[in-house]
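As structure tokens, the structure follows; a few thoughts come after it.
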Amino acid sequence: MKNVMVLSGNASAINYIKSFADDPDIRLHITDADPYCPGLYAPGVTPHVVPYARDTVRYRASLDRLLIEHAIDILIPTSDYDIEGVVHYLKDGWVPNVATFRPPFEAFAVLRHKGRLMAHLAERMPLVVPQTWIGVEEAWQWPFPIVIKPTRESGGKGVTIVRHRNDLAAAVERIRTRYDHEFLVQQFIPGNTYIVSMIYDRDGRLVISVPMRSHLTFFTWGGGGCAGEVVDEPGLVRLCAEVADAAGGWSGPINFEWRRHAETGAFYLMEANCRLNGYSYLTTMNGVCLPRIVLALLTDAPLPAVTPPARRNRNFVLGFRETLVDRWVERAG
Amino acid sequence: MTTILALGAEKQAATSLAAAYPDCTVIFASDRDILDGSDLANVRMVHATPADATKLAAAADHVVPLCPRWLCGDHTLSRVFDRLERALPDRCLPVRAHRPSSGQWIVKGDRWNRPDVPLSGDARQLADVTDPHGCGLVFQPYSKTTATIMSIGRRERAGAVHIGTVEVFQERFQRDVVLQAGETIDAPEVLGASLEVLDALDHRGFFTLNWLQTDEGLRLSSLRPIPRAVFLSFLRGGVDILRVASTVKVVASGVRFIAAPTYVSYKRLSA
């Protein structure tokens with residue numbers, strides 16, 4: 001019996017939960033700061049409500065306690081905040097007695113921050129970088145429409161598409177109120193959203209990449225996908241591997257979000273997320289169980305078989321279904 | 001077999017309805033191409049537009065509108081709140097058709113919910129807000145709240161109402177708004193105020209009233225002529241809102257629910 005702890009109970013954690021919860025050889029622990037997070041109520045999981053990962057001192061103390069109390073063998077962070085916390089703790093010398101990925105901190109610092117990532121790639125891979133501006137001093141020369149987005153959020157949070165110059169002041173005012181100066185401005189790329197989910201082993205070797213395309217987005221203007229399919233795009237996979245290499249290499253799961261220009265067909269990088277993507281369960285539906293690959297790499301077990309690309313034909317739509325629960329999970333202590 | 005027609009089945013409430021009534025055929029009608037629910041054995045999907053609603057309804061035993069776009073008549077927030085501000089001035093937050101020049105405001109859809117994340121701020125921060133979806137825009141004072149409570153149900157006439165009060169712990173604001181977690185509660189003040197509002201309007205049919213607990217007390221912030229994704233919870237709480245009410249029947253407190261993410265394959269409706 002392995003004790004596996006997945007940090008966060010939403011988005012990509014749902015893939016881990018659906019992949020592991022029925023396994024008699026796994027006791028699956030799910031943590032989240034939100035007591036109403038759906039993953040905490042999935043059948044077969046042991047739920048834990050923890051402090052927000054941004055509350056770093058309390059979060060780390062809570063994590064340390066849970067790891068010991070439940071004799072956790074394997075630790076898998078799945079939300080941006082959890083990963084940020086864990087990566088920083090590891091950099092500061094945290095040595096938990098668990099199997100977990102230890103990605104290079106310098107690469108994480110580049111990949112996690114959209115502004116840094118775009119600046120880092122501007123010379124190395126200029127063809128995949130949308131025109132990007134920090135600050136609004138050069139607004140007079142921008143080709144509208146443009147996109148204003150926070151540098152450290154994902155999934156479309158805080159994003160505004162500004163179609164006309166006259167609308168710029170209001171959009172900037174709004175984003176500054178919430179994110180201060182932590183935002184950037186980018187050329188708007190019309191077209192479809194693509195995601196490539198990848199897993200690197202503990203030595204930084206690429207194990208698998210699965211490209212996907214969104215058919216429907218969470219927001220009417222775009223953002224993360226809530227319907228889509230697996231696609232065969234070897235050129236895009238190569239671009240992702242080049243981006244990861246350019247950032248300094250990787251270890252563990254990661255995904256890259258792209259827009260394919262509707263007119264030119266060129267791929268432009270939107271962001272990197274240092275985890276599986278929110279709808280990575282699509283890959284499991286198609287016989288490519290990324291959580292099982294993560295687990296195999298962390299336990300030095302043989303990699304599970306996957307279906308060949310030509311047979312990955314199932315699409316998906318995400319729904320949110322009313323589900324009755326007996327009681328709310330309470331915060332420990 | 002009983003047939004239920006769900007109009008605007010792209011909304012979360014559609015699968016709630018289908019799961020709550022597994023012995024009925026539930027027809028999901030939508031003008032959106034991609035819908036959740038194809039794995040539910042009692043669901044049939046049809047591509048339709050609001051103009052088709054009357055024709056589709058003729059063949060159904062029950063018709064459940066899940067989005068006001070599919071309803072005839074004027075159910076706009078501006079009209080409803082104009083009437084309420086005169087009838088029950090202390091019960092509701094005002095609704096304004098034009099962006100006020102001072103204060104903090106939230107932008108809402110007038111005819112139906114404005115898609116995507118709610119926008120709020122002062123006049124400068126809202127200066128770029130437009131209406132690409134055609135829902136109409138209204139502005140409401142932005143209030144700090146300590147709780148959000150919904151009254152959901154169906155009213156036939158005064159004294160004939162099926163109703164439940166739900167404390168909403170979390171909503172997700174996406175293309176469509178998702179009720180993420182809630183619990184039915186025993187809230188006499190909310191229940192009384194809800195019946196008072198419905199009577200003042202003589203509202204007939206389904207409803208969702210959104211109440212905010214503010215420093216100034218309980219204030220109504222929205223009234224839409226549709227139910228939300230609580231059909232299973234309400235049945236568990238002893239109330240079937242598809243049945244015609246003859247008295248005031250209230251959903252029992254203590255029914256808890258979340259929205260569980262599900263992934264199913266789909267076929268495009270227009271294909």
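The values are calculated or read from the model by the stated rules, or taken from the named source; none is laboratory data. Just so we're clear, the structure is a prediction, and the values are computed from it rather than from any experiment. As a convention, Cβ positions derive from the backbone with ideal geometry for all residues, glycine included, and neighbour counts pool all protein chains shown. Ligands, DNA and RNA are stripped out before the accessible areas are found, and what is left, the full protein with its side chains, is counted by its heavy atoms. Shrake-Rupley method; radii C 1.70, N 1.55, O 1.52, S 1.80 Å.
Considered as a group, the residues in segment B:185-206 that are under 14 Å from residue B:225 (Cα atoms) and in a loop (DSSP other than H, G, I, E, B) include one that is least open to solvent (accessible area, probe 1.4 Å), and that residue is B:203. For segment B:139-163, a tally of residues being crowded, with 19+ Cβ neighbours inside 10 Å and out of contact with any His (no Cβ under 9 Å at 6 or more places or on another chain) returns 8. Within segment B:37-75, being under 20 Å from residue B:244 (Cα atoms) and touching a Pro at 6+ places or on another chain (Cβ under 6 Å) holds for one residue alone: B:71.
Of these, A:182, A:137, A:153, which one is closer than 30 Å to residue A:252 by Cα and open to solvent by 70 Å² or more (accessible area, probe 1.4 Å)? The unique qualifying residue is A:182.
Screening residue B:85 with (1) under 30 Å from residue B:192 (Cβ atoms); (2) touching a Leu at 6+ places or on another chain (Cβ under 6 Å); (3) of a type in the set (Asp, Glu) gives one miss only, at (2). Taken residue by residue, segment A:187-195 has no member that is free of Cβ contacts under 8 Å to residues at least 60 places away in the same chain, in contact with a strand residue (DSSP E or B) (Cβ under 6 Å, 6 or more places away or on another chain) and outside any loop (DSSP other than H, G, I, E, B). Within segment A:281-333, the only residue that satisfies the criterion of being assigned to a loop (DSSP other than H, G, I, E, B) and among the hydroxyl-bearing types (Ser, Thr, Tyr) is A:307. Pairing each residue of segment B:113-131 that is open to solvent by 60 Å² or more (accessible area, probe 1.4 Å) with any residue that is of a type in the set (Phe, Trp, Tyr), provided the two are 6+ apart or on different chains, yields C-beta distances under 6 Å for B:117/B:173. Evaluate the following for residue A:237: is it open to solvent by less than 10 Å² (accessible area, probe 1.4 Å), farther than 24 Å from residue A:149 by Cα and out of contact with any helix residue (DSSP H, G or I) (no Cβ under 6 Å at 6 or more places or on another chain)? Against the criterion (open to solvent by less than 10 Å² (accessible area, probe 1.4 Å), farther than 24 Å from residue A:149 by Cα and out of contact with any helix residue (DSSP H, G or I) (no Cβ under 6 Å at 6 or more places or on another chain)), residue A:237 does not qualify. Scanning segment B:102-135 for residues that are more than 7 Å from every other protein chain (Cβ to nearest Cβ), closer than 18 Å to residue A:162 by Cα and not in a loop (DSSP other than H, G, I, E, B) turns up B:107, B:120. Could you please find all residues in segment B:136-184 being outside any strand (DSSP E or B) and under 14 Å from the mean Cα position of the chain (by Cα)? B:176 - this is the single residue of segment B:136-184 that is outside any strand (DSSP E or B) and under 14 Å from the mean Cα position of the chain (by Cα). Can you spot a residue in segment B:91-106 that is in contact (Cβ under 8 Å) with a residue 40 or more places away in the chain and farther than 28 Å from residue B:128 by Cα? Checked against the condition, which is being in contact (Cβ under 8 Å) with a residue 40 or more places away in the chain and farther than 28 Å from residue B:128 by Cα, segment B:91-106 yields at least one hit. For segment B:236-249, the condition holds for no residue, the condition being that it is within 30 Å of residue A:280 (Cα to Cα), in contact with a strand residue (DSSP E or B) (Cβ under 7 Å, 6 or more places away or on another chain) and open to solvent by less than 30 Å² (accessible area, probe 1.4 Å).
Filtered by the rule that a residue be open to solvent by 30 Å² or more (accessible area, probe 1.4 Å), within 16 Å of residue B:146 (Cβ to Cβ) and either at the interface with chain A (Cβ under 10 Å from one of its Cβ atoms) or touching a Phe, Trp or Tyr at 6+ places or on another chain (Cβ under 7 Å) (or both), segment B:164-182 gives B:169, B:170. Between B:36, B:90, the distinction of being under 23 Å from residue B:182 (Cβ atoms) and touching a Gly at 6+ places or on another chain (Cβ under 9 Å) belongs to B:36 only.
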